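A quick write-up on the structure given underneath.
Just so it is clear, none of the values below were taken in a lab; they were calculated from the coordinates. Bear in mind the structure is a predicted one, so any value in this text is a computation, not a measurement. Here the Cβ is made from the backbone with ideal geometry for all residues, glycine too, and neighbour counts use every protein chain on show.
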Amino acid sequence: EDSTPDARPVVLLTRRLPDAVEARASRDYAAILNPADEALDGGAIAKRAAGAEAVLCCAGDRLDAAAIAALPSSVKVLATFSVGTDHIDLDAARARGLTVTNTPDVLTDATADIALLLILGAARRASEGERMIRADAWTGWTPTQLMGTHLGGKRLGIIGMGRIGQAVARRARAFGMTIHYSNRKRLAPELEEGATYHADPEAMLAVCDFLSLHFPATAETRHWLNAERIEKLPPGAILINTARGSVVDDAAVIEALRRGRLAAAGLDVFENEPKLNPGYRDLPNSFLLPHLGSATVETRNAMGFRALDNIDAVLAGREAPDRVV
Ligand code: DGY
């Protein structure tokens, strides 16, 4: 029996991760796993991180200033298993000298696929149809049953034309949609592929038969899509959100869906997940998914490996490839 103490760096994985990711973490480090996959608050993460040099956290972990302050001083890097970093107080991390890394690129296609699923599902009333069948309420095909909206020839407005926004545009073009976009910076012509640029996102709303949001959640973007901006959309527009729930004002969206001002909404993200505004559940024209944007085996493995690549770099004294802070 080998009684040599494990001299490898300690790495905390806050949640259960795909097997291949946990196997690599346990091969290379003294990994602290979470086999029961318990949701941990900041205090519990700090406690489990005793002796750890790295914390591999997830989008559902709230790492606010207090949680960051509570982390043991041994922690050098917070590698989040997400592209979004809105769950981490980056200023607090910076002030403590922590490195923060994310997982860009590897989830672009999976998230864009989910945006298209939501566009199609919301436009074609897929959720209503599915619920009808499950409730045993389908009485047969009729010419006017559950008529939805055609995608071809419709205008899709994309706010936030980064990696995911561009991937959504490519897919939507294949369905015959015309692309409008707004972004802090106009794209180079070869990336624009005929999309129409609007410097002011607000001014673009009037042409959005479909509006898809792809910008980060920050204090400035909180509730960006509010009642006033919804009124600028064409009547019967369809809203798609795969970014973060906090960028829309739920009360305003629910009210607009109720009145038919918005024909439908396809939502993968919600403010205060998993306790979403219950108003969404009561609406026939809401198509709701539980934050599945990056949820493919391939993508989740890639996200885990990318987070570990970042931990490897920091613990070896190299620059992290996906350093955010
Ligand atoms: C992300 O990567 O930000 C997704 O929301 C999943 O965590």
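Tabulated values for the structure
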read-out: Contour minus Cα-Cα distance for residue 173 and residue 96 (0.36 nm per residue); value: 23.2 nm
read-out: Listed residues 103, 14, 149, most fluctuating in the chain (Gaussian network, C-alpha, under 10 Å); value: 149
read-out: Choice from 144, 108, 221 showing the highest fluctuation, given a GNM over the chain with Cα pairs closer than 10 Å; value: 144
read-out: Spacing of the two label points (7 Å from each Cα toward its C-beta) at residue 145 and residue 70, in nm; value: 5.3
read-out: Per-pair calculated FRET efficiency, R0 = 25 Å: residue 36 and residue 281 via Cβ, rounded to 0.05; value: 0.35
read-out: For segment 164-223 and segment 48-101, distance of Cα centres in Å; value: 31
read-out: Of all DSSP beta bridges in the chain, antiparallel share, percent nearest 5; value: 5
read-out: Within segment 247-310, chymotrypsin sites (Phe, Trp or Tyr not before Pro) in DSSP loop having at most 14 other beta-carbon neighbours inside 10 Å; value: none
read-out: Residues residue 231 and residue 6, FRET efficiency given R0 of 56 Å [Cβ-Cβ distance, rounded to 0.05]; value: 0.40
read-out: Per DSSP, loop trypsin sites (Lys or Arg not before Pro) in segment 245-311 with at most 13 further Cβ within 10 Å; value: 275
read-out: Label-point separation in nm, residue 251 to residue 206, each point 7 Å along Cα→Cβ; value: 2.9
read-out: Selected from 163, 155, 184 as most flexible by GNM, with the chain as the system and alpha-carbon contacts under 10 Å; value: 184
read-out: Förster radius 25 Å - calculated FRET efficiency between residue 222 and residue 191, Cβ distance, rounded to 0.05; value: 0.30
read-out: Excluding exposed DSSP-loop GluC sites (Glu not before Pro) (at most 15 other C-beta within 10 Å), longest clean stretch of the chain; value: 39-192
read-out: Difference of contour (0.36 nm per residue) and Cα-Cα distance, residue 132 to residue 288; value: 54.6 nm
